[in-house]
Amino acid sequence: MSLTKTYQAPIADKRWKTRKFVADYGVYIALLILLLAGAVLTPKLYSVDTIAVVMRQASQLGIVAIGQTLVLLVAGLDLSVGGIFIMTSVVVAEVGNGRDEMVIPAIATALALGALVGLGNGLLVTKRRVPPFVATLGMLVLVKGATQAYTRGVPGGFVPEVLGIVNRSWSFLSIPLVLWLGLSAVFIFILRGTSYGRRVYAVGSNMEAARLSGIPVDLIRISVYVLGSLFAVISGVVLTGYVLYVDRFIGSGLDLDSIAAAVVGGTAFVGGRGGLLGTIAGVLIIQILSTMVVLLGLDVEVQFIIKGLVILGAVTLYSVANVES
Amino acid sequence: AQDDDGDMLGFEFTDEQIEASPYLQSVLSRLDETYDTSDFAKDGPYRIALAAQGTSNAWSALFDAHANWYVEHLGEDVVAELLYGDAQASADIQVPQVEDLLAQEPDALILVPMGAAALSAPVERAMMQGVPVVLCASAVETDNFVTEVGTNLWVVGASLAQYVVDQLGGEGNVAFMTGIPGVTTSDIMEEGAQAVFDANPGINILDKQPGFWSPADAKGIMETWLVQYGDEIDGIWSGGAQMSQGIISAYLDAGLDIPPIGGGEWQNGFLRLALEHDIKYLAWQYPNAMITMCIDAALQILAGEPIARFIDFSGVIPNSEPFTDVEGADYFREEWSDDVHGPITMPDEKLAELGFTTMDDG
Amino acid sequence: MTKAVSGAPRRFGCRFSLGMSEYILEMRNISKSFAGVQALKEVSIRCKPGLVYGLVGENGAGKSTLMKILAGAYRADAGEIIYKGAIRDQASTAEIIDSGISIIYQELALVRQMSVAENIFLGREPRKRLGVLDLKLLHERSSALLERLGIELDLHLPVSELTIAQQQLVEIAKALSQNADLIVMDEPSAILAGSELDQLFRIIESLKSQGVTVIYISHRLEEVFRIADEVTVLKDGELVATRPIGELDRATLVEFMVGRPLDEVFPQTEHEQGELVLVAEDVSTDTILAGVSLELYAGEILGIAGMVGSGRTELARALFGADPLTGGSVQLVARGKTKWGSPAQAISAGLALVPEDRKAHGLFTALSVRINVTIPILPSLTRLGVLKRAAEDEIVREAQARLSIVMSSSDQETQFLSGGNQQKVVLAKWLETDPNVIILDEPTRGVDVGAKFEIYKLMRQLNDRGIAIVMISSELPEIIGMSDRILVMNDGRIAGELAREEAGEARIIELATMGGSEAGQS
Amino acid sequence: MNLGASLFDGKSKGRAVFLRRNGPIIMVYAFILLLVIIGITQSERFFTERNLTNVARQSAFLGIVALGQMLVILTAGIDLSVGSLVKVSILVSAIVMNGESGNVLPAIIATLGLGVLVGLIHGFLINELRIAPFIVTLASLVILRGVGLTISSSPVGKASREVMMFYVQKIGPVPVIAWMFFVLIVLTMLLLRYTVFGKYLYAVGGNIEVARLSGVPIKAVRYGVYVLCSLTAAVTGLLWLSRMGVGDPAIGDGIELQTITAVIIGGTSLFGGRASVLGTLGGVLLLGITANLLVMLGVNQFIQGLIQGLIIVAAVALYKQEGD
Ligand SMILES: Nc1ncnc2c1ncn2[C@@H]1O[C@H](COP(=O)(O)OP(=O)(O)OP(=O)(O)O)[C@@H](O)[C@H]1O
Ligand SMILES: Nc1ncnc2c1ncn2[C@@H]1O[C@H](COP(=O)(O)OP(=O)(O)OP(=O)(O)O)[C@@H](O)[C@H]1O
Ligand SMILES: [Mg+2]
Ligand SMILES: [Mg+2]
């Protein structure tokens, strides 16, 4: 008997195709609408200077959002990034202490400590099975507390001047932008074209099945949390260079924004779905919105309301597209 | 050059301005009031509760350091115990903390209120419980406290605005950056500044946005303003030194000339930047050393001596008057780290001990 | 309709007073498509009261979909449903349950955290005023119901603490508690064995005698012949035939389903007993396994039979390193690799496990067929961690052809495949690892006849390559037909070993059900 | 043969199940006991009536919202907006009350009405637009914060005299507010154990698809639970008004994270389907007593944050959670 058989041909269904289109490209449609609105309301948005500024600012959010997306992909969540920003800025100032040649050691130290925080998150989530929300929230309090205990409230030292390089733009290109897009490209490739990426999706999609398939599930999850923290450190370094100053409230709000960006970009909370292309668009939407608010001279409270509505609007696109499943 | 800006309380108010501002009314009326403290008189040594902003930034860290140093300096037979609450700069945390402090039945409460309204009722309850309250650095809504040590924030905001107006010769475009909306200190400074700008029809406010007392937020907004208005901006009002740093940083990145800034403080990092880049500014002061005056006030109350209901530190604490770029170099201290807010009244060794000087690591 | 929860055990014969039609249910020209796949194309069925209707067809034929539309879980794209003489409009699941339709879903539909009693009456709790639960009545009714069905369970235990088979029993109890006029059973027997199955049939007989209509879906055709009065066959979403059971024999039915005649003989290969490959000694776990020892030889199929909850799945997981051992050891003789403590190590030692619960343990439902199939062999498909796309495509294509997986493309998400095709994807995945020992836990559960025999053949082909297979199954014909040796489990122990020649259904059931003290001695 | 013959004995498993489910609660109370012992031995003012009633009253502020949060989490949802809603509730109640006794009732009605409205909107977005609760309430957090600032960025309104007195009133040695919390705890327990709605919360959280197929009115359940949660936030807003006397927008940020922490410390699963009222109470008390002790013992301010972080991490990590 033959083992082959005619395969059922997929029957195209128009409604479904539209839905799939919306689900796949919704966030880009939203971005496009926003850009069109910008062209009418705030034409200044399209000057090279503005683009450069928007892109530099977007990079701060964008880099940490890469890590957040990875963590979301394994059905996790990282609230500790806010603590990592502060820790990074303190470490860069303490270790760097105004000496340009110390920038590399300073960043290396921050990365090492960040990796440690990520490891803590990962261990709590995997070995103690603490829900990511609470594990990373606990780590947030802990990291902030530890930073404070270490500095005794007073971060010493200066941020090395050379870090100010992140503020330079060549036309609309800048180091943070290149970093953001470069890292995004690398991780888009890793997620799609490497076994590590596959495993990340597999773990996010069904942990037990992944374990039974021989995937070192805990290792993958821990590694993702470590990556999440490392991206937060890089964002933290960019932010520190941005203000060239140790700021206790540095990057406040970026933690929730990074989650919002990933989710607006189509990465699901349940894990295993989504990716970085959407996150890039999500980041741009959030950043362009807040720039437009200032360009329009709107009140800050309006900005809060608009941001909330945009999150809802974008996510509604996905949910409407996915009604059937 | 701006000698008339030196004495803040010399600022002239119009009657309308006073009428429009409950804050001004309260401060002005309390200036010549005294409080009869005989009910609170008792023998020492005392247990004093300090509900402070907490370890949220260098300003408050130095505030706490001054407090600890001063209590130690006074000796155990004066202040036996300093009960302490760290509000982490949040009213939500501070309200229950004040309750916790009062549960320990202290002899007096020194409060750095994190919200004028939020802390009003706790203050009233303390007074009801017979614990005299000294407000330090900021006010609350109620009048039911013994005294406030601070400065007239309305006038601070107004003077900074007047400086900008004067620099512009009464005509020009101003970018207006406030602190955190909803935080009393910020709102009152904004109110004073707005009053001055309103009184000068030649001044055009391009935009007003909150910079959340954060260098990063301030810089982000300033960058957008710069691409939008560029060199149309003739002057800037800024509600805090950290924001001024962000503003300056945005200008430096853009390579544009920096207009006069009404708003800065004796904060070493700000002074460093301003000196390096020859920036015109008026700085106000909010010395963390004022806690020593607050402790003195508490002791005065517990001694049963009558006390003024509003105590302005300006002029009492040495070098606590506003100053401009002209005198800036005299205030700047090379050996201090960037986030030290002057003036410092405790000994230099203390500062070094806390890691605020960078002399040893060059 | 009165509320379904009335005190009386059943309400009989109060129905056809309208006299409008002899059919209690007519589904007319039902069409439905999902994610670009047409699952049903103008399918019509009719059911009379008091009869049992068999619904059969290959995996993905649309059986479950049709029934979910009936139960209100899905909405049809086109077509109409006439129930009890009236056209049924869009109704909520609660209304449909109230109208007398209940369904036992193919995938267990229980809330794991809730107790047995709470699950049985979920959505229809007896209540006092103001939405206050009548706990007493709830427990009385559930225990009466379970007693009537002959099921012994602690009503207060959360369902998560039950075995899958026990959960299936709760599911049946839940459907019956609704006092329905029409009960749909979507593969209720897939995880029941032996006497439990008899019990199920007795229940169905009694329902039938009470005038209840039963629609019965199964891939075990002998069951269909045993209880159905009429059989409907679906193929690729279309109706192929509806026939009274009397007009059908097995061969014709299979032909309807597969579209061509099918030779249903368990494939056999003659071979000598190979070398010893795997030895398990005194394996115990903290759940149920208590000192299980077995030996496995190259090229053989070792069948493991046993009652529900006898520990077969536990044994499979223990052998595979998925659960920690509390005692004993598992050793692989051939590769020199002797012990492992995790699935990853087991896999690299050459083991594979096709798990019983494919949704929970086998599949990445949100991911594509491609990712599912290649996940355990990624290292061999990558250079420096980078995937070789062409090689991967080739593997997925081969797997699809080898197992006849019905899918729209290799990028289709596996959640959109039918149950049987999902099972094939899981199988394909494990075959890719090129194991020398494969443990198959209920490998043909929910698999259609055609595919089933493909799987059997595949197993023999694997045997020919020297691969040793452990097959756990609740289907006795399959166990007897395919195994070279049979171990019968009873209460976490091996109750006996039977050679193929001595194995008969009666002997197996005897070993599987004898009291604990006798077990392990035969 | 009887179908159940081969089934294991369900009873003996009962105890294991009990321990597994209640382990976190036992752990949390052990932790609390430890803190209390530290408090008694290290500070003579910790175990005074005055401080204990103080702690009891303070716990109500976090605890009432935590109960609402727990119910939402039980349905596998989450409500991140409670902090912002407390803020808006304070403002609305203060503005409506405006210091007049006659306005107390209208203010309460307006505030609770606001809670109901916000809960209904959450329910609508989650039910009808099928947006994940995390996102809905995250957006709501941001929007309500904006709404709060729009209403007023500075303190407004005023509590009436009675409302301010309410804060200090006691029945016996216990503050009325603590009694309120106690009553709500009991009501929540009864709700979960003895009502159909309570069971539906478990069902929706345990497996929403199954609940739907079983005819559980899941939409109504979710509308209900989000309204309940928003109501607890609105009530807490009223309590804050009584605590402060004025409407101050400075209050409210961060309550959501504290409530979620308390709920999880208490052993409720973020995956839904499992909840414990006593556990949540334990979580609330643990956080409250920690904060109180840090002040009472005059712990070095610089390490306070570190200690709080350690206690939270230890509390959630010590007991290995049941993963899904
Ligand atoms: N929720 C869904 N989303 C998308 N496609 C679906 C969904 N449910 C079923 N399908 C598709 O509809 C078709 C019919 O599936 P259905 O589950 O009804 O088959 P079945 O006859 O019950 O098969 P089996 O015997 O394997 O259970 C399949 O091709 C399947 O892929
Ligand atoms: N004493 C026990 N303690 C804990 N769990 C038990 C106990 N007895 C049985 N079980 C449960 O029963 C199951 C063991 O039966 P298992 O499912 O392995 O049987 P099986 O023979 O494979 O049956 P089937 O696969 O048909 O359900 C385990 O999943 C385990 O959770
Ligand atoms: Mg099916
Ligand atoms: Mg099994």
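The values are calculated or read from the model by the stated rules, or taken from the named source; none is laboratory data. Bear in mind that the values here come from a model prediction, so they are computed numbers and not experimental data. Quick reminder, even Gly has a Cβ in these numbers, built from the backbone with ideal geometry, and neighbours come from all protein chains shown.
Of all the numbered requirements in (1) within 16 Å of ligand 2 (Cβ to nearest atom); (2) assigned to a helix (DSSP H, G or I), residue C:152 misses one, and that requirement is (2).
Can you give me the ranges of the helices (runs of 4 or more DSSP H) entirely in the range A:178-278 with at least 2 residues that are within 14 Å of chain C (Cβ to nearest Cβ)?
Details: elements: A:195-205, A:207-212, A:217-243, A:254-264.
Those helices (runs of 4 or more DSSP H) span A:195-205, A:207-212, A:217-243.
Checked against the criterion of being touching a Cys at 6+ places or on another chain (Cβ under 8 Å), buried (at least 24 other Cβ atoms within 10 Å of the Cβ) and on the phi < 0 side of the Ramachandran plot, the range B:54-67 contains not a single residue that satisfies it. When the range C:450-474 is limited to residues that are in contact with a Lys or Arg (Cβ under 9 Å, 6 or more places away or on another chain) and away from ligand 4 (no atom under 16 Å from the Cβ), the one that is nearest to the other protein chains (Cβ to nearest Cβ) turns out to be C:454.
Helices (runs of 4 or more DSSP H) wholly in the range C:439-522 with at least 2 residues that are modelled with pLDDT under 80 - which ones?
Working: elements: C:449-464, C:476-482, C:505-513.
Here the list reads C:449-464, C:505-513.
Here C:283, C:277, C:373 are screened, and the one residue that is in a helix (DSSP H, G or I) and away from ligand 3 (no atom under 16 Å from the Cβ) is C:373. Residue C:191: more than 9 Å from chain D (Cβ to nearest Cβ) and modelled with pLDDT of 85 or more, yes or no? The answer is no for residue C:191. Residue C:413 meets the conditions (1) surrounded by 23 or more Cβ atoms within 10 Å (Cβ to Cβ); (2) within 15 Å of ligand 1 (Cβ to nearest atom); (3) not aromatic (Phe, Trp, Tyr) in every case but one. The failed one is (1).
Every residue, every condition in (1) at the interface with another protein chain (Cβ under 10 Å from one of its Cβ atoms); (2) within 16 Å of ligand 2 (Cβ to nearest atom), yes or no:
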position: C:133; (1), (2): yes, no
position: C:139; (1), (2): no, no
position: C:143; (1), (2): no, no
position: C:159; (1), (2): yes, yes
position: C:163; (1), (2): yes, yes
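The single condition among (1) away from ligand 4 (no atom under 13 Å from the Cβ); (2) touching a Phe, Trp or Tyr at 6+ places or on another chain (Cβ under 9 Å); (3) within 14 Å of chain A (Cβ to nearest Cβ) that residue C:350 does not satisfy is (2).
Give D:197, D:182 a once-over and let me know the one that is buried (at least 17 other Cβ atoms within 10 Å of the Cβ), among the hydrophobic types (A, V, I, L, M, F, W, C) and in a helix (DSSP H, G or I). Break it down stepwise before answering.
On the way: D:182 fails: buried (at least 17 other Cβ atoms within 10 Å of the Cβ).
Only one candidate qualifies: D:197.
Please verify whether residue C:210 is away from ligand 2 (no atom under 16 Å from the Cβ), surrounded by fewer than 22 Cβ atoms within 10 Å (Cβ to Cβ) and not small (Gly, Ala, Ser), treating the condition exactly as stated. Yes. Look at residue C:423 and say whether it is within 16 Å of ligand 1 (Cβ to nearest atom), more than 15 Å from residue A:194 (Cα to Cα) and more than 10 Å from chain A (Cβ to nearest Cβ). For residue C:423, the condition - within 16 Å of ligand 1 (Cβ to nearest atom), more than 15 Å from residue A:194 (Cα to Cα) and more than 10 Å from chain A (Cβ to nearest Cβ) - is met. Note on the range D:27-84: among residues that are crowded, with 24+ Cβ neighbours inside 10 Å and of a type in the set (D, E, K, R), the one that is farthest from the other protein chains (Cβ to nearest Cβ) is D:79. Among the candidates B:140, B:134, B:112, B:98, the residue that is in contact with a strand residue (DSSP E or B) (Cβ under 7 Å, 6 or more places away or on another chain) and at the interface with chain D (Cβ under 10 Å from one of its Cβ atoms) is uniquely B:98. In the condition set (1) part of a helix (DSSP H, G or I); (2) more than 16 Å from ligand 4 (Cβ to nearest atom); (3) not hydrophobic (A, V, I, L, M, F, W, C), residue C:168 is compliant with all but (2).
Within the range C:47-93, being within 26 Å of the chain's Cα centre (by Cα), basic (Lys, Arg) and either at pLDDT 90 or above or more than 16 Å from ligand 1 (Cβ to nearest atom) (or both) holds for C:63, C:68. Residues in the range C:397-420: is at least one away from ligand 3 (no atom under 16 Å from the Cβ), outside the structural domain of residue C:462 (by TED's automatic domain parsing), modelled with pLDDT of 85 or more and in contact with a Leu (Cβ under 6 Å, 6 or more places away or on another chain)? Checked against the condition, which is being away from ligand 3 (no atom under 16 Å from the Cβ), outside the structural domain of residue C:462 (by TED's automatic domain parsing), modelled with pLDDT of 85 or more and in contact with a Leu (Cβ under 6 Å, 6 or more places away or on another chain), the range C:397-420 yields no hits at all.
Select, from B:70, B:163, the only residue that is of a type outside the set (A, V, I, L, M, F, W, C), more than 9 Å from every other protein chain (Cβ to nearest Cβ) and surrounded by 24 or more Cβ atoms within 10 Å (Cβ to Cβ).
On the way: B:70 fails: surrounded by 24 or more Cβ atoms within 10 Å (Cβ to Cβ).
Exactly one residue qualifies, and that residue is B:163.
Return yes or no: is residue C:396 crowded, with 20+ Cβ neighbours inside 10 Å, away from ligand 1 (no atom under 14 Å from the Cβ) and either over 27 Å from residue C:303 (Cα atoms) or among the hydroxyl-bearing types (Ser, Thr, Tyr) (or both)? Criteria met by residue C:396.
Scanning the range D:243-269 for residues that are among the hydrophobic types (A, V, I, L, M, F, W, C) and within 14 Å of chain B (Cβ to nearest Cβ) returns D:244, D:246, D:250, D:251, D:255, D:257. Suppose we keep only residues that are at pLDDT below 85 and out of contact with any Asp or Glu (no Cβ under 8 Å at 6 or more places or on another chain) within the range C:350-368. Which one would you say is nearest to ligand 2 (Cβ to nearest atom)? Among residues in the range C:350-368 that are at pLDDT below 85 and out of contact with any Asp or Glu (no Cβ under 8 Å at 6 or more places or on another chain), the one nearest to ligand 2 (Cβ to nearest atom) is C:357. Considering the range C:40-50, and only residues there that are farther than 23 Å from residue C:255 by Cβ and touching a helix residue (DSSP H, G or I) at 6+ places or on another chain (Cβ under 7 Å), the residue that is farthest from ligand 2 (Cβ to nearest atom) turns out to be C:49. Among the candidates A:245, A:201, the residue that is surrounded by 24 or more Cβ atoms within 10 Å (Cβ to Cβ), over 12 Å from the mean Cα position of the chain (by Cα) and farther than 29 Å from residue A:317 by Cβ is uniquely A:245.
Screening the range C:26-92 for strands (runs of 3 or more DSSP E) wholly inside it with 3 or more residues that are within 14 Å of chain A (Cβ to nearest Cβ) and on the phi < 0 side of the Ramachandran plot returns the ranges C:37-47. Taking the conditions exactly as written (more than 16 Å from ligand 2 (Cβ to nearest atom), over 20 Å from residue A:217 (Cβ atoms) and more than 11 Å from chain A (Cβ to nearest Cβ)), does residue C:388 satisfy them or not? Against the criterion (more than 16 Å from ligand 2 (Cβ to nearest atom), over 20 Å from residue A:217 (Cβ atoms) and more than 11 Å from chain A (Cβ to nearest Cβ)), residue C:388 does not qualify. Listed conditions (1) within 8 Å of chain D (Cβ to nearest Cβ); (2) surrounded by 21 or more Cβ atoms within 10 Å (Cβ to Cβ) are all met by residue B:124, apart from (2).
Conditions tested, residue by residue: (1) within 12 Å of another protein chain (Cβ to nearest Cβ); (2) within 16 Å of ligand 4 (Cβ to nearest atom); (3) at pLDDT below 90; (4) farther than 17 Å from residue C:472 by Cα.
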{"site": "C:286", "(1), (2), (3), (4)": "yes, no, yes, yes"}
{"site": "C:293", "(1), (2), (3), (4)": "no, no, no, no"}
{"site": "C:303", "(1), (2), (3), (4)": "no, yes, no, no"}
{"site": "C:324", "(1), (2), (3), (4)": "no, no, yes, yes"}
{"site": "C:334", "(1), (2), (3), (4)": "no, no, yes, yes"}
